[in-house]
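Working notes, structure below.
The values are calculated or read from the model by the stated rules, or taken from the named source; none is laboratory data. Quick caveat: nothing in here was measured; it's all calculated off a predicted structure. Reconstructed Cβ throughout: ideal geometry from the backbone, glycine too, with neighbour counts over all protein chains shown. All accessible areas refer to the heavy atoms of the entire protein, side chains included, with ligands and DNA or RNA removed. Shrake-Rupley method; radii C 1.70, N 1.55, O 1.52, S 1.80 Å.
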Amino acid sequence: MKTVNHWIGGKTVEGASGNWGPVTDPATGAVTTQVALASAEEVDSAVAVAKAAYATWGTSSLAQRTGILFRYRALLDARRDDIAALITAEHGKVHSDALGEVARGLEIVELACGITTQLKGELSTQVSSRVDVSSIRQPLGVVAGITPFNFPAMVPMWMFPLAVACGNTFVLKPSEKDPSAANLLAELAAEAGLPDGVLNVVHGDKVAVDALLAHPDVAAVSFVGSTPIARHIHTTASAHGKRVQALGGAKNHMLVLPDADLDAAADAAVSAAYGSAGERCMAISAVVAVGAIGDELVAKIRERAEKIKIGPGDDPASEMGPLITKAHRDKVAGYVTGAAAQGADVVLDGTGHTVEGFEDGHWIGLSLLDKVSTDSDAYRDEIFGPVLVVLRTETYEEGVDLINASPFGNGTAIFTRDGGAARRFQLEIEAGMVGVNVPIPVPVGYHSFGGWKDSLFGDHHIYGNDGVHFYTRGKVVTTRWPDPSEAPAGVDLGFPRNH
């Protein structure tokens, strides 16, 4: 059986706690790997190594950092397929989706390659007689990232490339459900020339997480995951004096107006709801149909959903893979089986789906629930699976009020041909990311990603300008120098005579 150990100080370090976690192949249900689960003492060791590395990395030149990052970007590009294969083997998503994940992570590496312009300071001269004021940004020290199972390569790359580019050292605690991609990312960074100890990977569960949150030498914590855990991360790490960005869950809505291109809206709903088996914090999980278009829109969504090919992620014919674990599969299925009793019209029920030859995999089909009540469990909760709910409203205003009443505010979208309605929507909607005829409005790397309300705890969004500001702190320097005319007598301020 394959074993995944820690990566500390530029090398593999065997787990010493005696605790191991199982990693399954979601397509077969078989345990293929065991991953070391770190003790608090092992976390201490990783942080100590990162702290020692910061002594030199924190004062390294921008030229050194960006040179390494450019080489790192080239290595990641050359190993895209290898990284994607690890994601598919442990997460289950289809290979093309895994490749897309790597590509989105690479965007942030590319942003980090240009960190020189992001770290430029400001200067004001002569604010008073012979007084200048400048502002600079400096790294924090050791920072940590705690990342989720659904994007085992992309989300870590949303964090550590910017963090190390800014001069910090990093301790990554990836999900123990699919840990291998994180180790490969770290190995490639070392191959690119990143000094030992600048990037470390510690695998583990709650023990490792709590050790990072309380560690006095960890200056900041980045997190992506569910809302209850995000709230815990923010509360606990903040109480220990740390800077925190904790991105939580979502219930992303897509408002479809009567004038929308319904074919385009149906295509978007299917791809955004069922892509990556719905295991995305930016998945569209609720469609709000306005006016009389509801029946036609639901019919179009159903027609498309029924054609989606479900199978192992390494099969090129597969368009959707299994869910990450059997327990999660059963939880998702429970929302579908309970929907009818709560008043929903179950248009598609995917709970009985299996794949021939892979009967023990964590399979579930696509489910479509129509005329869902805002009081139902399927609407209120983040299901994190291939379940799309449809709600009906009579007017645009009712639709906006419905969306704004949600405790989540991660992303949302509107489908319409009316520019005025779209403009109103982007200003009136209470969410951090908005798509106009774009179903999954994940920003490009040089804009920041993050939601509102219960979808984000902390002041900073992730990557982009917010990411740079999160991983640095500002300093203002006020300087006064005497004029050369005031120099002591006898000092020659002319150019030195060379001949």
* Structure fact -> Selection over region 48-63 where residues are open to solvent by less than 60 Å² (accessible area, probe 1.4 Å) and over 20 Å from residue 119 (Cβ atoms) yields a count of 3
* Asked: Which residues, counting only those in region 141-193, are within 15 Å of the chain's Cα centre (by Cα) and among the aromatic types (Phe, Trp, Tyr)?
  -> 149, 151, 158, 160
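Of a type outside the set (A, V, I, L, M), closer than 21 Å to residue 444 by Cβ and either surrounded by fewer than 24 Cβ atoms within 10 Å (Cβ to Cβ) or touching a residue at least 12 places away in the same chain (Cβ under 8 Å) (or both), is that true of residue 156?
The answer is yes for residue 156.
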* Set 32, 3, 24: member being hydroxyl-bearing (Ser, Thr, Tyr) and closer than 26 Å to residue 190 by Cα -> 3
* Structure fact -> Scanning region 319-343 residue by residue, those in a loop (DSSP other than H, G, I, E, B) and open to solvent by less than 10 Å² (accessible area, probe 1.4 Å) turn out to be 321, 322, 323, 324, 339
* Test each condition in (1) farther than 28 Å from residue 457 by Cβ; (2) free of Cβ contacts under 8 Å to residues at least 60 places away in the same chain for residue 394 and report the one that comes out false. => (2)
* Which residues, counting only those in region 360-383, are within 27 Å of residue 93 (Cβ to Cβ) and open to solvent by 40 Å² or more (accessible area, probe 1.4 Å)? -> 360, 377, 380, 381, 382
* Which one of the conditions (1) farther than 26 Å from residue 25 by Cα; (2) in a helix (DSSP H, G or I) does residue 156 fail to meet, given that it meets all the rest? -> (1)
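On the basis of being modelled with pLDDT of 95 or more, aliphatic (A, V, I, L, M) and surrounded by fewer than 17 Cβ atoms within 10 Å (Cβ to Cβ), does residue 468 make the cut? Talk me through it step by step, then tell me what you get.
On the way: modelled with pLDDT of 95 or more: yes; aliphatic (A, V, I, L, M): yes; surrounded by fewer than 17 Cβ atoms within 10 Å (Cβ to Cβ): no.
Considered against the rule, which asks whether it is modelled with pLDDT of 95 or more, aliphatic (A, V, I, L, M) and surrounded by fewer than 17 Cβ atoms within 10 Å (Cβ to Cβ), residue 468 comes out as no.
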* For residues that are open to solvent by 10 Å² or more (accessible area, probe 1.4 Å), more than 21 Å from the chain's Cα centre (by Cα) and more than 14 Å from residue 413 (Cβ to Cβ), tally how many sit in region 270-295. => 4
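Does residue 45 meet the test of being crowded, with 17+ Cβ neighbours inside 10 Å and under 18 Å from residue 169 (Cα atoms)? Explain how you work it out, then say what you get.
On the way: crowded, with 17+ Cβ neighbours inside 10 Å: yes; under 18 Å from residue 169 (Cα atoms): yes.
When the stated conditions are applied, residue 45 passes them.
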* Asked: Of the residues 47, 43, 35, which is under 25 Å from the mean Cα position of the chain (by Cα), among the aliphatic types (A, V, I, L, M) and not in a helix (DSSP H, G or I)?
  -> 35
* To do: Using the structure shown, decide if residue 211 is buried (at least 22 other Cβ atoms within 10 Å of the Cβ) and either modelled with pLDDT under 95 or more than 25 Å from residue 453 (Cα to Cα) (or both).
  => yes
* Working only within region 2-34, note down all residues that are surrounded by fewer than 17 Cβ atoms within 10 Å (Cβ to Cβ) and at positive phi. => 18
* To do: State which residue is nearest to residue 46 (Cα to Cα) when the search covers only region 170-204 and only residues that are surrounded by 20 or more Cβ atoms within 10 Å (Cβ to Cβ) and of a type in the set (Asp, Glu).
  => 176
* Structure fact -> Across region 358-386, the tally of residues that are within 29 Å of residue 28 (Cβ to Cβ) and part of a loop (DSSP other than H, G, I, E, B) stands at 15
* **Subset of region 296-309 (residues that are in contact (Cβ under 8 Å) with a residue 40 or more places away in the chain, within 28 Å of the chain's Cα centre (by Cα) and open to solvent by 20 Å² or more (accessible area, probe 1.4 Å))** => 308
